[in-house]
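Asks: Sending over a structure as structure tokens; questions will come in a sec.
The values are calculated or read from the model by the stated rules, or taken from the named source; none is laboratory data. Computed from a predicted model, the values in this text were never measured in an experiment. Neighbour counts are summed over all protein chains in view; Cβ atoms, including those assigned to glycine, are modelled from backbone coordinates with ideal geometry.
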């Protein structure tokens, strides 16, 4: 029979092990607890650092920020203009309202993609009694691969007032049809200042911060960020008349690429939405200076025809203002596209040009709504170019005749 | 799951690359199994053998068959590598006017997974590793995605079992891995990507009167860029792998703190150096020809020369191959030879240095001696970067010549501003703080500190601030360069 001495060794042996186990257990649980408590602290600090960087580096008064801010203050809109910077600097709502007795707003922003234009359209249609949508066609937005990512300034500023569900829905829409995750720019939603950041270098960071804090308006901020640019109102702004822009060769800056079917789908989505909601969808091709137009000789007619077909087959109306006669798009001298006062660079209208163009669009809308058929007021590309070249030749002859006298 | 992830990752590179990898995986797997089968057959036959001569003949036959299999596998895999990497260059060298091209892009990671697979084949040939019977496990070893773009070149006995073992989530390991990934990303995006344009601006259009001071600046920036790009990428690779519970071999160990060029190569791209040592240097140095030559040299020129010169020749061959591995361009080969020759000269002249140190009573343990050795090695390494970065013999001669005879320090800032700095000052400035941080971390590690452990032990607020600043710096770098590729992925 085992004695108590023989029975005790294992219990005595067990005591030191239990003691050491008990000593290490609190240490481990303390470590785990510390890790659990420190993780949220670290995450909050990282978030704060990112927000601080965004606060300092994202420009106060970006075009998208200004547009969305002013849009949210509008009531009873009946017309919106959407599109890229060509629209943002080409459609003056104040002129349109006077011509058409309307209440319009310019939602054009730099680099606005057709998918983003659809989002703007839908936003306006859901919150206002929109009767007409004017889409300023920029061919460049329909060619080449469709690349999108969540950090786009247009979306970031739009979502400031949106719920998570709305954001997710719109993000799914704009990201559909593009392999956005294959590009490092897909990470820019984590670092929003990558897409839009101060443009005057590190030395302007203090000014940027000061403007955020001292009550500077967004319009003043936007004007600081882009010297020479002035905010007129209702989403529209432009450079002073006479400001010098980039006049490099159009083709070398914007080489030809085939039309992209995904982007055209966004365009037809806009037309379909308008048709379903009894909204006039009017596509106007934004005017280009004659030297830019003539560099697209090989593909312009086919391109404008394709886009016209896409729009009209979905219930919209399409007007190529580069091919309009002087009856549709009058000019203070010669043809619109040859009037150098109307353009600031190879693809943007000047202040005077924007007013003239908007007035023409307003009159176009009035005539359309009066039931007038304007199809015979538009030329083919070749006809337009022939007229422009004849005009240019006559002008040169007149100038050389004057100089010889 | 890892295999599926690796194959999906690699499939994005195209079906041609997948075929190349498939051929490598299949051929090397079959080779390993063949060796095992031949060895098993040899043992079985030897048991039945009646005499010692018969056993010898059986062994000889087995070795012969194994060698044939080894030769075939090496021919196929090195042949594929040589074809995609060097065929175009060779044709343009032999027939300059020819338009012939392979039409193939270099499959992603082919240099790395080929070398890794060859190490498996040779280790199984030498019975150092047991061959893997399951093809999919072997395929995982070949295709494991974190290491594909730029290594490290792992050994089967170190990595193979880890890949197939079960791993449970280790929170401490994961925390360390995230720190390592963040540090790697800082090096890659905020230093390497910010500096590469400066280097290219200096060296892509070399004028005959380029000041030597600008060349030196370019070479120094290139050295920083290359280290940051490669080691940053490796840190991210190792870190991601640690998240899966898989520990890979380190590939960098503060190389710019090396005290000799040989030491530098034991700290830079460690896995390639080890691979070359085990599969090129030792086999070459231990050939019967080399042994005979050693004996002859010892007899005629003394013990030191006898023992050192054959190793020097083997070293030069190794570095020639290292240069060739980087690319079929003369400047890479010159760079490789430069390194091999300098190391060879250093080994051969070792007795002379010892005598000089004794003569001048040099205190080899003094810290200043150590610093001096580091600076001397730094200069030698940077001379090597001349060959590595500057293309064309004419440009190389211009840069070396102007470094020595037209240094013109007064022209450095105006010229650097003109080619790069005026338009990119913010981008350049962004990289300066991280460069100092990298130096500090490297110094701490060189002194034996566990920097990762120290970071993880910091107060949470301090740690959060550190992480936040690093993340903001990485994000800000995307303002200038939207994530360039990895330099060593081109090799």
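Asks: Go through B:446, B:354, B:415, B:391 for me and flag whichever is under 19 Å from residue B:263 (Cα atoms), away from chain A (no Cβ under 14 Å) and in contact (Cβ under 8 Å) with a residue 24 or more places away in the chain.
Replies: The match here is B:446.
Asks: Of the residues A:66, A:33, which single one is surrounded by 10 or more Cβ atoms within 10 Å (Cβ to Cβ), assigned to a helix (DSSP H, G or I) and at pLDDT below 95?
Replies: Within the list A:66, A:33, the selection yields A:33.
Asks: Now, a different point. For residue A:332, work out the one condition from (1) assigned to a loop (DSSP other than H, G, I, E, B); (2) under 30 Å from residue A:371 (Cβ atoms); (3) touching a helix residue (DSSP H, G or I) at 6+ places or on another chain (Cβ under 6 Å) it doesn't fulfil.
Replies: Of the numbered conditions (1) assigned to a loop (DSSP other than H, G, I, E, B); (2) under 30 Å from residue A:371 (Cβ atoms); (3) touching a helix residue (DSSP H, G or I) at 6+ places or on another chain (Cβ under 6 Å), the odd one out for residue A:332 is (3).
Asks: Being under 21 Å from residue B:221 (Cβ atoms) and touching a residue at least 12 places away in the same chain (Cβ under 8 Å) is the filter here; which residues of region B:357-375 pass it?
Replies: B:374
Asks: A follow-up question, please. Of the numbered conditions (1) within 22 Å of residue A:81 (Cα to Cα); (2) not in a helix (DSSP H, G or I), residue A:365 satisfies every one except a single condition; which is it?
Replies: In the conditions (1) within 22 Å of residue A:81 (Cα to Cα); (2) not in a helix (DSSP H, G or I), residue A:365 misses (2) alone.
Asks: Next up: Which residues, taken from region A:130-150, are farther than 30 Å from residue A:250 by Cβ and modelled with pLDDT under 95?
Replies: Result: A:150, single match.
Asks: Tell me, yes or no, whether region B:420-434 has at least one residue that is away from chain A (no Cβ under 14 Å) and touching a residue at least 60 places away in the same chain (Cβ under 8 Å).
Replies: Yes, that holds for at least one residue.
Asks: Does residue B:481 count as within 11 Å of chain A (Cβ to nearest Cβ), surrounded by fewer than 19 Cβ atoms within 10 Å (Cβ to Cβ), touching a residue at least 12 places away in the same chain (Cβ under 8 Å) and more than 24 Å from the chain's Cα centre (by Cα)?
Replies: Judged against the criteria, residue B:481 is a match.
Asks: Among the residues of region B:107-133, write down those that are in a loop (DSSP other than H, G, I, E, B) and buried (at least 22 other Cβ atoms within 10 Å of the Cβ).
Replies: Those that are in a loop (DSSP other than H, G, I, E, B) and buried (at least 22 other Cβ atoms within 10 Å of the Cβ): B:107, B:109, B:131, B:132.
Asks: Go through (1) at pLDDT below 95; (2) outside any loop (DSSP other than H, G, I, E, B); (3) surrounded by fewer than 22 Cβ atoms within 10 Å (Cβ to Cβ) and name the single condition residue A:98 misses.
Replies: Unmet condition: (1).
Asks: Go through (1) under 13 Å from residue A:290 (Cβ atoms); (2) modelled with pLDDT of 95 or more one by one and return the number of the condition residue A:334 breaks.
Replies: Among (1) under 13 Å from residue A:290 (Cβ atoms); (2) modelled with pLDDT of 95 or more, residue A:334 violates only (2).
Asks: When you scan region A:191-214, do you find a residue that is under 15 Å from the mean Cα position of the chain (by Cα) and away from chain B (no Cβ under 14 Å), even just one?
Replies: no
Asks: Would you check if residue B:194 is over 20 Å from residue B:424 (Cα atoms) and in a helix (DSSP H, G or I)?
Replies: Taking the combined requirement at face value, the residue does not satisfy it.
Asks: If you don't mind, another one. Going by what's in this entry, would residue A:176 be described as within 14 Å of chain B (Cβ to nearest Cβ), out of contact with any helix residue (DSSP H, G or I) (no Cβ under 7 Å at 6 or more places or on another chain) and surrounded by 14 or more Cβ atoms within 10 Å (Cβ to Cβ)?
Replies: no
Asks: Select the strands (runs of 3 or more DSSP E) contained entirely in region A:194-286, then report the ones holding at least 3 residues which are crowded, with 19+ Cβ neighbours inside 10 Å.
Replies: Per the criteria, A:236-239, A:280-285.
Asks: Scan region A:207-220 and report the pairs whose first residue is over 9 Å from residue A:60 (Cβ atoms) and whose second residue is modelled with pLDDT of 95 or more, with Cβ atoms within less than 6 Å and a gap of 6+ or a chain change.
Replies: Short answer, once both residue conditions are applied: A:219/A:231.
Asks: For the structure I just gave you, tell me whether residue B:136 is part of a helix (DSSP H, G or I) and either modelled with pLDDT under 90 or surrounded by fewer than 16 Cβ atoms within 10 Å (Cβ to Cβ) (or both).
Replies: Yes: the conditions hold for residue B:136.
Asks: Take the residues in region B:458-478 that are farther than 13 Å from residue B:430 by Cβ and more than 7 Å from chain A (Cβ to nearest Cβ), then tell me which one is surrounded by the fewest Cβ atoms within 10 Å (Cβ to Cβ).
Replies: Filtering first and then ranking leaves B:459.
Asks: Can you find even one residue in region B:234-248 that is without any contact (Cβ under 8 Å) to a residue 60 or more places away in the chain, under 24 Å from residue B:443 (Cα atoms) and surrounded by fewer than 22 Cβ atoms within 10 Å (Cβ to Cβ)?
Replies: So far as region B:234-248 goes, no, none of its residues is without any contact (Cβ under 8 Å) to a residue 60 or more places away in the chain, under 24 Å from residue B:443 (Cα atoms) and surrounded by fewer than 22 Cβ atoms within 10 Å (Cβ to Cβ).
Asks: Okay, next question. Confirm whether residue B:166 is surrounded by fewer than 22 Cβ atoms within 10 Å (Cβ to Cβ) and out of contact with any helix residue (DSSP H, G or I) (no Cβ under 8 Å at 6 or more places or on another chain).
Replies: yes
Asks: Which condition breaks for residue B:441 when tested against (1) more than 14 Å from chain A (Cβ to nearest Cβ); (2) in contact with a helix residue (DSSP H, G or I) (Cβ under 8 Å, 6 or more places away or on another chain); (3) at negative phi; (4) at pLDDT below 90?
Replies: (4) is the only condition that residue B:441 fails.
Asks: Which of the residues belonging to region B:253-282 are outside any helix (DSSP H, G or I) and surrounded by fewer than 21 Cβ atoms within 10 Å (Cβ to Cβ)?
Replies: Within region B:253-282, B:253, B:254, B:259, B:260, B:266, B:267 qualify.
Residues checked against (1) within 15 Å of the chain's Cα centre (by Cα); (2) surrounded by 16 or more Cβ atoms within 10 Å (Cβ to Cβ); (3) within 8 Å of another protein chain (Cβ to nearest Cβ); (4) free of Cβ contacts under 8 Å to residues at least 40 places away in the same chain:
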residue: A:38; (1), (2), (3), (4): no, yes, yes, yes
residue: A:46; (1), (2), (3), (4): no, yes, yes, yes
residue: A:57; (1), (2), (3), (4): no, yes, yes, no
residue: A:62; (1), (2), (3), (4): yes, yes, no, no
residue: A:71; (1), (2), (3), (4): yes, yes, no, no
residue: A:77; (1), (2), (3), (4): no, yes, no, no
residue: A:80; (1), (2), (3), (4): yes, yes, no, no
residue: A:86; (1), (2), (3), (4): yes, yes, no, no
